[in-house]
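Let me begin by presenting the structure, written as structure tokens, before commenting on it.
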Amino acid sequence: MQQKSPKLFPALALLVLIALAAFAVSPSKQPTPPQPATQEAAQEQTPTTPAAPQAPTRIFAADDFSNLAPDAPDVPVYDRHTLAERRAQGLVTALPDIAPYRTGKTVYLTFDDGPDGKNTPAVLDILHEAGVHATFYVTGAQAEAHPDVLQRIYAEGHAIGNHSYDHRYEKLYPDVNGFLAEMERTDEVIHAILGVRPLILRAPGGTIGHFTSAYAPAIRASGYVEHDWNVSSADAAPGHPVAQDFIDNINYETDQAAAARMAIILMHSSEGHEETVKALPAIIQILKDKGYAFGVVTPMTPQPW
């Protein structure tokens with residue numbers, strides 16, 4: 001009897017031939033790297049370099065002061081030369097006639113008597129959080145004691161003004177020569193720390209009752225502009241006023257006609273002025289709500305009267 005071949009063999013052979021052909025023509029596959037499951041995951045895997053902080057804008061006075069013209073009321077102005085250097089190099093020391101800014105509704109926060117190691121840094125923290133700049137009228141003695149805080153004021157784009165060496169009236173107000181000697185001494189201290197000197201100053205206690213007719217021309221001849229204030233927080237008043245008093249004072253005074261277009265506000269950031277620090281966030285918010293822009297005092301800032 002003749003034996004028959006199993007029918008499975010041709011079918012299996014055909015399958016083997018098809019598999020071999022597919023293997024021969026398929027490209028070699030490489031391992032696929034794991035992919036992030038989401039866009040957020042992809043961003044997390046991509047290293048990013050944080051942007052460098054933008055350097056503050058400043059104006060440095062020309063040797064002849066010719067660039068002191070109204071431009072930007074929120075940009076501090078400094079001189080790279082001390083008065084002694086200007087005299088030694090035969091440079092101009094007297095300021096020319098300077099036209100003041102003509103801006104919209106502007107407020108200038110000013111802080112006297114610092115820097116100290118506690119309240120001034122706290123004020124700087126609040127200003128940074130609020131995104132506004134201010135003007136710090138510093139004494140030479142305090143600048144020597146806290147050079148790091150003075151450097152921070154400068155680095156963060158605030159304006160620095162001269163407020164005498166140690167705030168002692170008996171050295172400032174017998175005559176203008178004593179006053180200027182105190183200011184020049186403080187300039188030297190500031191310049192040694194920062195490499196610049198201010199062109200703005202504030203007379204301790206203000207000019208009223210202290211200045212004679214000799215002061216204004218002598219100050220201008222030495223390259224300074226003095227600014228008092230037209231709004232006071234009264235944070236140096238007797239009787240230990242508290243933060244709410246300062247808030248109420250500034251809220252009321254900035255509603256008056258004298259401050260309708262421009263307000264220079266007197267405050268203090270030295271030791272003992274913790275209540276000023278407490279009041280400052282509310283003060284800034286009130287001024288923002290009233291539509292003020294924030295400027296820093298420069299030689300081109302209008303006088304407050």
Please count how many residues of the range 247-274 are surrounded by fewer than 19 Cβ atoms within 10 Å (Cβ to Cβ) and not hydroxyl-bearing (S, T, Y).
12
With the structure loaded, tell me whether E184 is under 28 Å from the mean Cα position of the chain (by Cα), open to solvent by 20 Å² or more (accessible area, probe 1.4 Å), within 30 Å of D289 (Cα to Cα) and modelled with pLDDT of 95 or more or whether it fails that test.
no
Checking the structure you have, find out if any residue of the range 132-154 is at pLDDT below 95, under 27 Å from A221 (Cβ atoms) and open to solvent by 10 Å² or more (accessible area, probe 1.4 Å).
no
Output the residue which, of all residues in the range 85-128 that are of a type in the set (A, V, I, L, M, F, W, C) and under 18 Å from the mean Cα position of the chain (by Cα), is nearest to Y165 (Cα to Cα).
F111
Condition check for I193: at pLDDT 95 or above, open to solvent by 20 Å² or more (accessible area, probe 1.4 Å) and over 26 Å from D148 (Cβ atoms):
no
The range 242-268 residues that are over 18 Å from V297 (Cβ atoms), paired with ones that are in a loop (DSSP other than H, G, I, E, B) and of a type in the set (A, V, I, L, M) (beta carbon under 6 Å, 6 or more apart)
N249/A234
Of the residues in the range 74-92, those that are surrounded by 12 or more Cβ atoms within 10 Å (Cβ to Cβ) and more than 11 Å from A61 (Cβ to Cβ) number 7
Go through the residues of the range 219-236 one by one and say whether even a single one is over 24 Å from Y101 (Cβ atoms), of a type in the set (F, W, Y) and crowded, with 19+ Cβ neighbours inside 10 Å.
no
Select from the range 57-71 the residues that are in a loop (DSSP other than H, G, I, E, B) and open to solvent by 20 Å² or more (accessible area, probe 1.4 Å) and list them in ascending order.
T57, R58, A62, D63, D64, S66, N67, A69, P70, D71
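The values are calculated or read from the model by the stated rules, or taken from the named source; none is laboratory data. On a predicted model such as this, the values are computed, not experimentally measured, just so you know. No Cβ is skipped: glycine too gets one built from the backbone with ideal geometry, and neighbour counts run over all protein chains shown. These accessible areas exclude ligands, DNA and RNA; they are computed on the full protein's heavy atoms, side chains included. Shrake-Rupley method; radii C 1.70, N 1.55, O 1.52, S 1.80 Å.
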